[in-house]
Amino acid sequence: MSTNAIELLKEDHKKVKKLLTELTETTTRAEKTRQQLLQKIEHELQVHTRLEEEIFYPAFKQAGGSEFAQAYFEALEEHRAVEDLVLPDLKNTDPTSEKFSGRAKVLKELVEHHAEEEESDMFKQAKKAMSTEELEQLGDQMKRRKQELTQGQAAA
């Protein structure tokens, strides 16, 4: 059975948002839990980002041309902000500190904003610009890539 690209990405969003909620609800005493959740979140975000940047975004941009270029570049910048700034800062923050709580909340807000924007704008545009078959081909390609990335992570 084929997987629709948009459904696959929405599932990822749901999973990461749930993990981020769990993380922001932890207390400064939950050092081990915070570290484990942060590790899971980082892994999920890395895999998700790769899928979007390698497969979905280029297909989206190609389908919509210059009309979709702004959304494409904005999404890339939001990924960069999370991957290069917020996530590394959070990883380097003492999990027993209030600073960790604050940074975890900022990460959650950024990711939620990004996911919301994708779901309300980008995905709707993609549905109009691409056929169901194209979205399913992309979904299948992303599913295979996700398995490769997840197996690579398990081996690493």
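Quick note: the coordinates plus some simple rules give every number you see, no bench work behind them. Source: prediction; values computed, not measured. Glycine gets a Cβ as well: all are built from the backbone with ideal geometry, and neighbour counts include every protein chain shown.
Rounded to the nearest 20, the size of the Cβ-charge dipole of the chain about its Cα centre is 560 debye, with Lys and Arg at +1 and Asp and Glu at -1. Once the convex hull of all Cα atoms in segment 5-155 is built, its volume per residue stands at 94 Å³. Based on C-alpha pairs under 8 angstrom that are at least 6 apart in sequence, the chain has a relative contact order of 44 percent.
From helices alone, the chain scores -25000 deg cm²/dmol at 222 nm; the rule is -39500 (n - 2.57) for each run of n ≥ 4 DSSP H residues, then divide by the residue total. Think of the chain as having a plus end and a minus end, set by charges on the Cβ of Lys, Arg, Asp and Glu; of Thr33, Met142, Asn4, Thr33 sits farthest toward the positive end of this dipole. When each of Met130, Met122, Met1 is scored by the number of other beta-carbon atoms lying within 10 Å, the sequence from fewest to most is Met1, Met130, Met122. Rg/Rh, computed from the Cα trace of segment 9-66 with Rh as the Kirkwood radius, has the value 1.17.
Full extension of the chain segment joining Glu25 with Thr150 gains 42.3 nm, where the gain is 0.36 nm per residue of separation less the Cα-Cα distance.
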